[in-house]
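Peer 1: Okay, here's the structure, questions in a sec.
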Amino acid sequence: MTTARTRSAAATAVPPGDLAAALRAAGLTGVDDSARRRAEYSSDASNYRVVPSVVVFPRHADEVVAALDVARRAGVPVTSRGGGTSIAGNSVGSGVVLDFSRHLNRVLSVDPEARTALAEPGAILDAITAAAAGHGLRFGPDPSSHSRASIGGAIGNNACGSRALRYGRTADNVVSLDLLTASGERMTARRMGRDGLTAAGPAGAALDALVEAHLGLIRTEFGRFTRQVSGYSLEHLLPENGADIARFLAGTEGTLAVVTGATVALVPSPKAVALAVLGYPGMPEAAEAVPGLLPHRPVAMEGLDARLVGVFRARRARRPSRPCRAVSPGCSSRPRGTPRPRRAPRPGGSSPTPAASTRWWSPAPRRGRCGASGKTARAWAAAPPTTRRPGPAGRTPPSRPSTWVRTCVTLPRSWASTAWTA
Ligand SMILES: Cc1cc2nc3c(=O)[nH]c(=O)nc-3n(C[C@H](O)[C@H](O)[C@H](O)COP(=O)(O)OP(=O)(O)OC[C@H]3O[C@@H](n4cnc5c(N)ncnc54)[C@H](O)[C@@H]3O)c2cc1C
């Protein structure tokens, strides 16, 4: 970790009412405190709404430094924002919202030898994968929002996605992070080892002291299972884990530092993928089958219950149904220009049977064909609660147990001829 003080905190205080003016006076050009802009940034993909005082669109890291300095002097919070696809209010906040997606969104370089990419925080995950595709590489974690989500947001949320089964979480795929702390320190965070941590200035020494004071608790309660992603992942700071500050910062939701650049690991793209669709009578049976499937090293695995399939079937009854990328993000897309494969006939006629089946799908969804339309979503919201059925994200209520569960497993193509039974 290298540190350098970028600004003195001893500057004059900023009255909250003068926030936008102070930001402009600090040299920032992308400052917007209009009612419309603040309304636009008051929500993300969650149900929460917090109206910010001002929205800033930084063009480079120095502008981020200046914005943090003004916010510190005004005593207002700073919320970093990428795609704004968080579903728990992670990217809304009062004070200053820093939107990295407008200008700081480039993939700066790809190193095929080291299998890494250097990206600005607002770079979209798909853009990183697209930049690496020519080398047969991709960014491993793929939240379903990968075409909108940024690398800064994926780091903030420690995003996973269905491929996390093979490639891990975002924390497992960060190499080093350029960042700014609230006090204005610039740092490059990476795996440092304990000696490197203690030698890294006040911030590193403080982190080391925190770990030392709670060593037993961190060793026994943190990092117990792979999807333990809520809260601060202090296990990454343990000496035996290399005191990795970059990994530790994944999942901190911008509360400890602002990421201004990220070097991330890339993984080899599979040359071909296959999708196996397995049917089970219920969720418990599907869950029980998982340990038996894992030794086959699937890239991705998703569970869908009967209600979810039913919603799509009912709402799309008059249109030719097409599998949704959100249903199985592990599916490979049909290359442009190649003919669409014929869909395999449904076993046993028009309704699915609980018996296992292997089916080839060509996902290739068109925009707007997946998920509920705004119209159906509004209709659902307007319906009396007693008649509502769970929306596409709904779960099977306890009173209506699942009758048809599909487990989508993306496997190497060599498994295509395997007859799966459940
Ligand atoms: C339909 C849908 C499907 C989803 N599927 C998944 C899924 O499969 N798996 C999954 O993990 N998540 C999923 N999500 C949640 C979300 O899309 C992901 O976590 C995504 O990675 C967030 O990226 P973003 O750019 O939108 O981040 P934002 O929402 O903009 O920000 C996320 C967090 O990161 C912080 N942040 C953003 N930029 C920076 C920065 N430069 N420095 C420091 N902190 C920063 C923010 O303050 C915030 O706390 C889904 C969301 C939706 C709406």
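Peer 1: What list of ³J(HN,Hα) couplings, whole Hz, do you get for segment 129-138 from phi and the Karplus terms 6.51, -1.76, 1.60, once you set θ to phi - 60° and write x for glycine and proline?
Peer 2: Going residue by residue, I get 5, 5, 5, 8, 4, x, 9, x, 10, 7 Hz, with x marking Gly and Pro.
Peer 1: Order the peptides 28-36, 84-92, 241-249 from the highest to the lowest mean number of other Cβ atoms within 10 Å of their residues.
Peer 2: 241-249, 84-92, 28-36
Peer 1: Where the centroid of each part is defined by its Cα atoms, how far is segment 139-212 from segment 122-138 in Å?
Peer 2: 19 Å
Peer 1: Pull up all non-local amide H partners of residue 159: gap of 5 or more, or a different chain, and H-to-H distance under 5 Å with H placed in the peptide plane.
Peer 2: For residue 159, whose amide H was placed from the backbone, the distant partners under 5 Å are 170.
Peer 1: ³J(HN,Hα) across segment 264-274 via Karplus (A = 6.51, B = -1.76, C = 1.60, θ = phi - 60°), whole Hz, x for Gly/Pro?
Peer 2: With coefficients 6.51, -1.76 and 1.60, one gets 10, 7, 10, 10, x, 6, x, 5, 8, 10, 10 Hz.
Peer 1: Moving to a separate point now. Treat the count of other C-beta atoms within 10 Å as a stand-in for reagent exposure and order 113, 235 from fewest to most.
Peer 2: Final ranking by Cβ density, sparse to dense: 113, 235.
Peer 1: So, one more: Using Cβ contacts closer than 10 Å as the measure, can you line up 41, 232 from fewest to most?
Peer 2: Least crowded to most crowded, the residues run 232, 41.
All of the numbers you see were taken from the coordinates with simple rules; none came from a lab. The model shown is predicted, which means the values in this text are computed figures rather than measured ones. Neighbour counts run over all protein chains shown; Cβ positions are idealised from the backbone, glycine included.
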